[in-house]
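The values are calculated or read from the model by the stated rules, or taken from the named source; none is laboratory data. Since the structure is predicted, the reported quantities are computational estimates derived from the model, not experimental observations. Neighbour counts are summed over all protein chains in view; Cβ atoms, including those assigned to glycine, are modelled from backbone coordinates with ideal geometry.
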């Protein structure tokens, strides 16, 4: 690659020890995020996607052990001193979480919360910070921003709260915005507002986005690159088109087929993925998805398939050698 | 089709809220405001709308769990609101509910067996322990739980498995109507499909009528025969699921469909999800005339003055003054 990526994770693993058991939440995950791009991480509960983000930011719970490397503009984040991380978090890397109500302090007016990062990181005076906050609230399409500054979170609708949370994350002009399920708790019409906003932010400010979600529609709208995670590992990665049209991992295919399509008439049966995700403290010896896999081969139970390139940036961790997905070429 | 199993007529559920200050005027929140529909035997009626549209209050009012300010809920011809406590209790076994958050709706101190058996204890106190046990095991088999799990506690189960327990509890009395209040919204994608399929199977097996409430249009369309679109407590459109998808008549239904992101990058990029402008008005002070007019791209003066009635247009029922003109317009 000509240019060094903005963020590069190498072989990141996160393990928790609880009551004599070791839970492997993230296992050897690597990815790169280029400037101005959107990387989506897709996976279900327990796939390790949120733990991966927390580990990058030095927010892993105390009983967790993080190994590997995360380079942000060439400097190591893992194990960096707390003061250094505090400078980065909220300033160079902004964060938006699923539930805006838990991200906002119910006792403080919106204005105080949106300006806080400016007062701390940029040592701005109150008047300048207030002015900047009003501009940012305008940028995220909040009506009457001056009045909203004095309001409390409970006086705003869910969609407005999430936009305030996004404004707060963007207020210091971060290079990376991490959005962990930013639209999951929102209604579909409000979700569309937030998606439009994320698209605008990236165009206007050139912000790179790491988007964690389980909604394939959201990924199709925004993502340049997609990492599919299952049981703590990346099982497939590629461009959005690779993942949607030429997927090579059975889990990716199964995820797409299990989502009901609006265009499908009643009665069509959903192709459910049988069984449940594995226990992360007792992973099967082979491929973690094998027990639920439709295409399982004998060796899938014995050894773990490595993540291997299938052309360009498209890679898969699967022994099965047939192209899946809707543009699949049936072998002769 | 024969007589509907559930008939809801002009149902209104209003909540009185305290006014501002001690002597402030009381405010009225119109959660459900004049909703009518029939549910046929074996039918699934999907109810969609955003948070605050009144869909959960509607579910509770149908179950006689929320107050009915006016209107009627007729179950097999019986008006539930007029029944005394004992007779209402008797009727309850015919209408059961499945909740959104499976773990929150299961008592953490009861075993799976006790949870599923609870309705039997309540309605058939004389039933022998063996009979109860065998009915519980039978129902566990139907919903895909293993007999060995009968003595486990809810926290030992994943979300999808816990929802199976909730479904077993709702079905153990063999009800006629099951109200499903966002039954798959809290579940992971791969598990959602399992539960949607299970509900479809159980409906066919037991001849259930389902009132399926969700904000996810695609899931609702998948399981429903007909769909009802609610906005601020009022019905905007009621039509077959195919009709709603192919020819949505109400501007609000159209916006809901256009707001869904498509899981297809090329299409999603050429036709990104369209946001509905503005915010949901407060249900305490809904707009005059048509409640949707403040966010409607087609609104005219008449919409502020006259409340549009729910009327037939083709195969659909729609509450919009301009439905004909909008339908003839190219999308």
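Would you say residue B:50 is in a loop (DSSP other than H, G, I, E, B) and either within 14 Å of chain A (Cβ to nearest Cβ) or over 30 Å from residue A:191 (Cα atoms) (or both)? I'd like the intermediate steps shown before the answer.
Working: in a loop (DSSP other than H, G, I, E, B): yes; either within 14 Å of chain A (Cβ to nearest Cβ) or over 30 Å from residue A:191 (Cα atoms) (or both): yes.
Yes, satisfied.
Output the number of the condition that residue B:300 fails; it satisfies all remaining conditions of (1) surrounded by fewer than 21 Cβ atoms within 10 Å (Cβ to Cβ); (2) more than 13 Å from every other protein chain (Cβ to nearest Cβ); (3) in contact (Cβ under 8 Å) with a residue 60 or more places away in the chain.
(3)
Go through the range B:239-256 and count every residue that is closer than 18 Å to residue B:222 by Cβ and either more than 10 Å from chain A (Cβ to nearest Cβ) or surrounded by 18 or more Cβ atoms within 10 Å (Cβ to Cβ) (or both).
Applying the first criterion (closer than 18 Å to residue B:222 by Cβ) to the range B:239-256 yields B:239-246, B:248, B:253, B:256.
Imposing the further condition that a residue be either more than 10 Å from chain A (Cβ to nearest Cβ) or surrounded by 18 or more Cβ atoms within 10 Å (Cβ to Cβ) (or both) reduces the set to B:239, B:241, B:243-245, B:248, B:253, B:256.
So the count comes out to 8.
So in the range B:278-297, with the set limited to residues that are in contact with a helix residue (DSSP H, G or I) (Cβ under 6 Å, 6 or more places away or on another chain) and closer than 22 Å to residue B:327 by Cβ, which one is surrounded by the most Cβ atoms within 10 Å (Cβ to Cβ)?
Ranking the candidates gives B:290 first.
Could you check the range B:259-283 and list, in sequence order, the residues that are within 10 Å of another protein chain (Cβ to nearest Cβ) and either touching a residue at least 60 places away in the same chain (Cβ under 8 Å) or not in a loop (DSSP other than H, G, I, E, B) (or both)?
Of everything in the range B:259-283, those that are within 10 Å of another protein chain (Cβ to nearest Cβ) and either touching a residue at least 60 places away in the same chain (Cβ under 8 Å) or not in a loop (DSSP other than H, G, I, E, B) (or both) turn out to be B:265, B:266, B:267, B:268, B:269, B:280.
Considering each of B:171, B:202, B:198 in turn, give the residue that is surrounded by fewer than 24 Cβ atoms within 10 Å (Cβ to Cβ), free of Cβ contacts under 8 Å to residues at least 60 places away in the same chain and farther than 28 Å from residue B:29 by Cα. Quick ask: steps written out before the conclusion?
Numbers: B:171 fails: free of Cβ contacts under 8 Å to residues at least 60 places away in the same chain; B:202 fails: free of Cβ contacts under 8 Å to residues at least 60 places away in the same chain.
Result: B:198 is the single residue among B:171, B:202, B:198 that is surrounded by fewer than 24 Cβ atoms within 10 Å (Cβ to Cβ), free of Cβ contacts under 8 Å to residues at least 60 places away in the same chain and farther than 28 Å from residue B:29 by Cα.
For residue B:219, are the conditions met, namely being within 13 Å of chain A (Cβ to nearest Cβ) and crowded, with 21+ Cβ neighbours inside 10 Å?
Values: within 13 Å of chain A (Cβ to nearest Cβ): yes; crowded, with 21+ Cβ neighbours inside 10 Å: yes.
Taking the combined requirement at face value, the residue satisfies it.
Restricting attention to the range B:284-295, report how many residues are more than 25 Å from residue B:219 (Cβ to Cβ) and either in a helix (DSSP H, G or I) or within 13 Å of chain A (Cβ to nearest Cβ) (or both).
The total comes to 2.
Of the residues that sit in the range B:96-117 and are assigned to a helix (DSSP H, G or I) and more than 24 Å from the chain's Cα centre (by Cα), which one is nearest to residue B:63 (Cα to Cα)? Write out each step before concluding.
Applying the first criterion (assigned to a helix (DSSP H, G or I)) to the range B:96-117 yields B:112-117.
Filter again for more than 24 Å from the chain's Cα centre (by Cα), leaving B:112-114, B:117.
Working: B:112: 24, B:113: 25, B:114: 23, B:117: 20 Å.
That would be B:117.
Hey, any hits in the range A:279-291 for a residue that's more than 24 Å from residue B:145 (Cβ to Cβ), loosely packed, with under 15 Cβ neighbours inside 10 Å and in contact with a helix residue (DSSP H, G or I) (Cβ under 6 Å, 6 or more places away or on another chain)?
No, the range A:279-291 has no match at all.
If you go through the range B:55-68, how many residues are touching a helix residue (DSSP H, G or I) at 6+ places or on another chain (Cβ under 9 Å) and either within 14 Å of chain A (Cβ to nearest Cβ) or farther than 29 Å from residue B:201 by Cβ (or both)?
Keep residues of the range B:55-68 that are touching a helix residue (DSSP H, G or I) at 6+ places or on another chain (Cβ under 9 Å), which gives B:62-68.
Then keep just the ones that are either within 14 Å of chain A (Cβ to nearest Cβ) or farther than 29 Å from residue B:201 by Cβ (or both); that gives B:66-68.
Total satisfying the criteria: 3.
For residue A:165, state whether it is within 18 Å of residue A:35 (Cα to Cα), crowded, with 23+ Cβ neighbours inside 10 Å and either more than 11 Å from every other protein chain (Cβ to nearest Cβ) or touching a strand residue (DSSP E or B) at 6+ places or on another chain (Cβ under 7 Å) (or both).
On the way: within 18 Å of residue A:35 (Cα to Cα): no; crowded, with 23+ Cβ neighbours inside 10 Å: yes; either more than 11 Å from every other protein chain (Cβ to nearest Cβ) or touching a strand residue (DSSP E or B) at 6+ places or on another chain (Cβ under 7 Å) (or both): yes.
Considered against the rule, which asks whether it is within 18 Å of residue A:35 (Cα to Cα), crowded, with 23+ Cβ neighbours inside 10 Å and either more than 11 Å from every other protein chain (Cβ to nearest Cβ) or touching a strand residue (DSSP E or B) at 6+ places or on another chain (Cβ under 7 Å) (or both), residue A:165 comes out as no.
All but one of (1) over 16 Å from the mean Cα position of the chain (by Cα); (2) buried (at least 24 other Cβ atoms within 10 Å of the Cβ) hold for residue A:139, so report the exception by its number.
Condition (2) is where residue A:139 drops out.
Got a sec? Which of B:61, B:81 is in a helix (DSSP H, G or I), in contact with a strand residue (DSSP E or B) (Cβ under 6 Å, 6 or more places away or on another chain) and farther than 30 Å from residue B:157 by Cβ?
Numbers: B:81 fails: in contact with a strand residue (DSSP E or B) (Cβ under 6 Å, 6 or more places away or on another chain).
Checking each option against the conditions leaves just B:61.
If you take the residues of the range B:84-101 that are surrounded by 14 or more Cβ atoms within 10 Å (Cβ to Cβ), out of contact with any strand residue (DSSP E or B) (no Cβ under 8 Å at 6 or more places or on another chain) and at pLDDT 90 or above, which of them is nearest to residue B:118 (Cα to Cα)? Reasoning before the result, please.
Of all residues in the range B:84-101, those surrounded by 14 or more Cβ atoms within 10 Å (Cβ to Cβ) come to B:88, B:91-101.
Remaining after also requiring out of contact with any strand residue (DSSP E or B) (no Cβ under 8 Å at 6 or more places or on another chain): B:88, B:92-93, B:101.
If we keep only those that are at pLDDT 90 or above as well, we get B:88, B:92-93.
Details: B:88: 18, B:92: 14, B:93: 12 Å.
For the range B:84-101, the residue satisfying everything is B:93.
Please determine whether any residue of the range B:141-155 is away from chain A (no Cβ under 14 Å), in contact with a strand residue (DSSP E or B) (Cβ under 7 Å, 6 or more places away or on another chain) and modelled with pLDDT of 90 or more.
Within the range B:141-155, none of the residues are away from chain A (no Cβ under 14 Å), in contact with a strand residue (DSSP E or B) (Cβ under 7 Å, 6 or more places away or on another chain) and modelled with pLDDT of 90 or more.
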